[in-house]
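See structure below.
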Amino acid sequence: LPDSVFNDDNFHTVLTGFDMLMLRVHYAPDLASGMTRAAVAARLPAIFARLNPAGERPAGPPVDPTPRVFVRAVEAALGPRGSPSARRSAAARAVDIVRSRGWRDERAGFALYAFGRLIQSRDATAAQAAYLGARAAFDAIPGAEIQRAQVDLPLATFALSRGDAPAAIQIARAAMPAARRAQNAALLAELQRTEAAALRLLGRGAEADAARLDSLGWARYGFGSVEEIANFDASFRSLERLAEVTQQ
């Protein structure tokens with residue numbers, strides 16, 4: 001369910017068009033409490049035709065059902081329990097399931113993205129390959145702009161860590177419109193922070209200061225607490241130092 005705030009991937013931060021459609025269907029006057037499942041099912045086609053006429057088209061091929069083993073692997077990888085090594089192993093299992101079943105949808109992109117995040121501190125090369133695989137998966141999915149923008153963030157950081165400031169700026173700026181449209185303030189703040197560090201590396205101090213200030217404004221909206229905002233701003237200096245050390 002890629003286009004929903006209720007998906008486990010947390011890429012969306014506000015109700016999507018799909019979510020709003022589901023709410024309008026739920027509260028349609030055609031439906032009432034106490035109706036049987038069969039009675040509701042009989043009325044749904046007319047409700048959808050009225051509320052979403054653009055959806056009146058032939059159905060695509062059925063989606064391969066998600067096995068519980070994949071769900072458990074994702075839960076183990078991203079849940080609060082388990083050691084770092086256990087979580088990395090769970091993410092690797094999820095990726096293996098994706099590849100064995102030949103998935104090319106949201107599940108493929110998300111599994112690769114999660115795997116990249118969990119191994120990034122241990123194997124930057126493998127993490128970047130996972131992110132690029134996730135990017136390719138999301139590229140093939142219509143309407144997956146916010147997912148692509150989320151993957152572009154670590155790719156921009158990788159470019160900055162190589163000392164390639166122009167590439168970091170290009171990647172970050174290309175992802176910003178999707179973050180704005182999705183009202184994902186935290187993602188937009190991080191993209192602007194990366195842009196600011198890259199601009200500083202190029203000696204464009206005034207532009208870097210402006211981008212950093214913009215990022216702090218979005219961080220206040222996206223993160224909320226004073227402590228999180230302070231940590232966010234401190235990481236800007238870490239990005240600068242990382243890029244400077246790499247360039248030297």
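If you check Ala41, Ala32, Ala28, which single one turns out to be more than 20 Å from the chain's Cα centre (by Cα), in a helix (DSSP H, G or I), more than 22 Å from Phe138 (Cβ to Cβ) and modelled with pLDDT of 85 or more?
Ala41
Restricting to segment 159-197, and then to whatever is assigned to a loop (DSSP other than H, G, I, E, B) and more than 14 Å from the chain's Cα centre (by Cα), can you tell me which residue is surrounded by the fewest Cβ atoms within 10 Å (Cβ to Cβ)?
Here the residue is Arg162.
Which is of a type in the set (Val, Ile, Thr) and under 24 Å from Gln147 (Cβ atoms), of Val25, Val40, Val74?
After ruling out the rest, the residue left standing is Val74.
Let's see how each residue does on (1) buried (at least 21 other Cβ atoms within 10 Å of the Cβ); (2) touching an Asp or Glu at 6+ places or on another chain (Cβ under 7 Å); (3) at pLDDT below 95:
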site: Leu78; (1), (2), (3): no, no, yes
site: Arg88; (1), (2), (3): no, no, no
site: Asp96; (1), (2), (3): no, no, no
site: Arg122; (1), (2), (3): no, no, yes
site: Thr157; (1), (2), (3): yes, no, yes
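If you go through segment 124-134 one residue at a time, do you hit one that is surrounded by fewer than 16 Cβ atoms within 10 Å (Cβ to Cβ), touching a residue at least 60 places away in the same chain (Cβ under 8 Å), over 28 Å from Arg200 (Cβ atoms) and of a type outside the set (Phe, Trp, Tyr)?
no
Which one is nearest to the chain's Cα centre (by Cα) among residues in segment 49-73 that are without any contact (Cβ under 8 Å) to a residue 24 or more places away in the chain and farther than 18 Å from Leu1 by Cα?
Once the filter is applied, the top-ranked residue is Ala54.
Out of Leu187, Leu160, which single residue is more than 19 Å from Leu213 (Cα to Cα) and in contact with a Ser or Thr (Cβ under 9 Å, 6 or more places away or on another chain)?
The match here is Leu160.
The values are calculated or read from the model by the stated rules, or taken from the named source; none is laboratory data. Given the structure is predicted, the values throughout are model-derived calculations rather than measurements. Quick reminder, even Gly has a Cβ in these numbers, built from the backbone with ideal geometry, and neighbours come from all protein chains shown.
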